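Participant: First, the structure itself, so that you have it in front of you.
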Amino acid sequence: MRDEVRFMSAVAALMLSIGWARSSEPSGSGTGGAGTGVATTPPPATVSSPSPDGASAATAAPKVAFTLFRNVRIFDGKTDKLTDARNVMVHGNIIERISSGSLPMPADAKVTVIDSGGRTLMPGLIDAHWHAMLVRPTPAGALTADPGYLNLVAGAEATDTLMRGFTTVRDVGGPTFGLKRAIDEGIVAGPRIYPSGAVITITGGHGDFRQLFELPRVLGGPLARMETLGASMVADSPDEVRVRVREQLTQGASHIKLTAGGGVASPHSPLDVSTFTEAELRAAVEAAENWGTYVTVHAYTPAAIKRAIAAGVKCIEHGHLMDESTAKLIAERGIWLSTQPLPDELANAFPRDSEEWAKAQQVFAGTNTVYTLAKKYRLKTAFGTDIIFSPALAQKQGALLARLTRWYTPAEALVMATRTNAELLAMSGKRSPYAGKLGVVEEGALADLLLVDGNPLADIKLIADPATNFLVIMKDGKIYKNTLPR
């Protein structure tokens, strides 16, 4: 026994001497470093992810840099008009000063000056319904490809997402914790990610991608492929729901996603089905609220939506098949509606003769209804895209936002994709992975900014061509794109 004690003491001393304790610190949450949105390692000095002063990580100056935007007109994320000419000073990752006069800089500061020529400065865009791991794979590839390959593909897509001006995404289903960490640490250029972790579903529910030969499910038996990937988890009782919710929160989930009704992409999930019982939904709500955050649910039909609201759910994803009484209930209870102007091309991921394609047509037919009801009852409405299995459609992310002008003014659409979406993100409370205010251009807010060549309030189609019209893209005070003459 004495020898064993000596051996364990030696091992402990060795681990401390090599800094083992530091290597176990979490990333992407908590205080400091990635948890505040400040990368602990500078982004690599590449075209898509330059460091703020163009230096490599090895030669970058340790002092905090300043960026000065001169002569900008500001869309602040809150109003329907641009300001007159302003100067905006970014200190580190915070918007420190906004003034119509000159802004003097400290004499010893490292300052990047951007002469904007009267162009529009606006908040970075936010997509409130995103699946970072599912944008580029095919449905089969998402379940069968090597996880390392899938993460590399998702990393490439994350960089493209940022280059489209979407500096933040709310991920509502998928194994994004590793990708988020890589982005926060500056290993990969990409948007801020608010992750839900795995979608929690029931046997046969939306998100259950098991094959029939994998049934019957044995409680306590081996996990299915989708579960080992962290894409979705099956839970068929209140107790199982609690376990699955707590697992996601343990990994760093900022909110929890359940599927309360049938869905399009899942092979065994009719649209009309209500899935979780009220007791199961309530178990998820209780577990999330114990951690200071909330549950959102995938739901199209009135029955699924109403059951979720009765259980205490705070946000509904989609809602395309809702009716007027459901919209009234959502308004009365102050529930969030996170919905999307789903394009017909989204169905192209499925064969034309498939059940999934047919279900997509039913859902798409309800898009006008859900937005009409949202406007009529002034619902708290968030914008998202829900792009899956289509890298081509992902390139139209900004164009999908511009489609909202069928129901909203350009200003209303842009406010929704900035300040309003940020208000939804704030519901994560202390489970938010980033400290600071998003979605606005104001003093003290996080410096996620776009410099637009034109006025998007007058011509919202500018955001549909980010490669041409977004001249500067800044996230967390770092410039990832600058095509202005230097």
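Participant: Students often forget the sequence filter, so: which lysines lie under 17 Å Cα-Cα from Lys396 once same-chain residues fewer than 8 apart are removed?
Facilitator: Hits, sequence-local ones excluded: Lys461.
Participant: Please report, in debye to the nearest 20, how large the charge dipole of the chain is about its Cα centre when each Lys and Arg carries +1 at its beta carbon and each Asp and Glu carries -1 there.
Facilitator: Around 900 debye, computed over the chain.
Participant: Using +1 on the beta carbon of Lys and Arg, -1 on that of Asp and Glu, and nothing else charged, what's the dipole of the stretch 348-472 about the Cα centre, debye to 20?
Facilitator: In debye, rounded to 20, the stretch 348-472 gives about 460.
Participant: For the chain, what is the mean residue ellipticity at 222 nm derived from helices alone (per DSSP H run of n ≥ 4: -39500 (n - 2.57); sum divided by total residues; nearest 500 deg cm²/dmol)?
Facilitator: -8500 deg cm²/dmol
Participant: Each residue of the stretch 425-433 in turn: what ³J(HN,Hα) in whole Hz from Karplus with 6.51, -1.76, 1.60 and θ = phi - 60°, glycine and Pro shown as x?
Facilitator: 4, 5, 5, 6, x, 6, 7, 5, x
Participant: In whole Hz and in residue order, list the ³J(HN,Hα) couplings for the stretch 251-256 that follow from phi through the Karplus curve 6.51 cos²θ - 1.76 cosθ + 1.60, θ = phi - 60°; x for Gly and Pro.
Facilitator: 7, x, 4, 8, 7, 10
Participant: A further question on this structure: Figure the gain on full extension for Arg406 and Thr203 (residue separation times 0.36 nm, minus the Cα-Cα span) and round it to one decimal in nm.
Facilitator: 69.3 nm
Participant: How much accessible surface does Ser390 have with a 1.4 Å probe, in Å² rounded to 10?
Facilitator: Approximately 20 Å² of Ser390 is accessible to the 1.4 Å probe.
Participant: Per residue, how many Å² of accessible area does the chain show with a 1.4 Å probe?
Facilitator: 42 Å²
Participant: Now a separate question. Nearest 20 debye, what's the magnitude of the dipole of the stretch 107-241 about its Cα centre given +1 on Lys and Arg Cβ and -1 on Asp and Glu Cβ?
Facilitator: With only Lys, Arg, Asp and Glu charged at Cβ, the dipole is about 280 debye.
Participant: Now for a separate question. How much net charge surrounds Thr372 when only other residues with a Cβ under 11 Å from its Cβ are counted (Lys, Arg +1; Asp, Glu -1)?
Facilitator: Computed value for this residue: +2.
Participant: Just by accessible area at a 1.4 angstrom probe, what is the order of Thr79, Thr418 from largest to smallest?
Facilitator: Thr79, Thr418
Participant: Can you bin the stretch 166-222 into rounded, prolate or oblate? Criterion: square roots of the alpha carbon gyration tensor eigenvalues sorted a ≥ b ≥ c, rounded for a/c under 1.5, prolate for a/b above b/c, oblate for the rest.
Facilitator: Prolate shape, in that a/c is at least 1.5 and a/b is the bigger ratio.
Participant: Calculate one ³J(HN,Hα) per residue across the stretch 349-364 by plugging θ = phi - 60° into the Karplus curve 6.51 cos²θ - 1.76 cosθ + 1.60, and present them in order as whole Hz with x for glycine and proline.
Facilitator: Couplings: 5, 10, x, 4, 9, 8, 5, 4, 4, 5, 5, 4, 5, 4, 5, 4 Hz.
Participant: Take the solvent-accessible surface of the protein heavy atoms, probe 1.4 Å, and return the percent of it on the chain that carbon and sulfur atoms account for.
Facilitator: 55 percent
Participant: Also, quick follow-up: Identify the residues of the stretch 114-139 with backbone N under 18 Å of a label point that sits 7 angstrom from the Cα of Gln395 along the Cα-to-Cβ direction, or state none.
Facilitator: It comes to 135-138, nothing else.
Participant: Whole angstrom only: what separates the Cα centroid of the stretch 125-161 from the Cα centroid of the stretch 417-450?
Facilitator: Using only Cα atoms, the two centres lie 24 Å from each other.
Participant: May I ask what percent, to the nearest 5, of DSSP beta bridges between residues of the chain are antiparallel?
Facilitator: The antiparallel proportion sits near 40 percent.
Participant: Just how far, in whole angstrom, is the stretch 184-214 from the stretch 311-349 if you go by their alpha carbon centroids?
Facilitator: 20 Å
The values are calculated or read from the model by the stated rules, or taken from the named source; none is laboratory data. Fair warning: this is a prediction, and the values are worked out from it, not measured in the lab. Cβ sites come from the backbone with ideal geometry, for glycine too, and all protein chains shown count toward neighbours. Areas reflect the complete protein model, heavy atoms only, side chains present, ligands, DNA and RNA absent. Shrake-Rupley method; radii C 1.70, N 1.55, O 1.52, S 1.80 Å.
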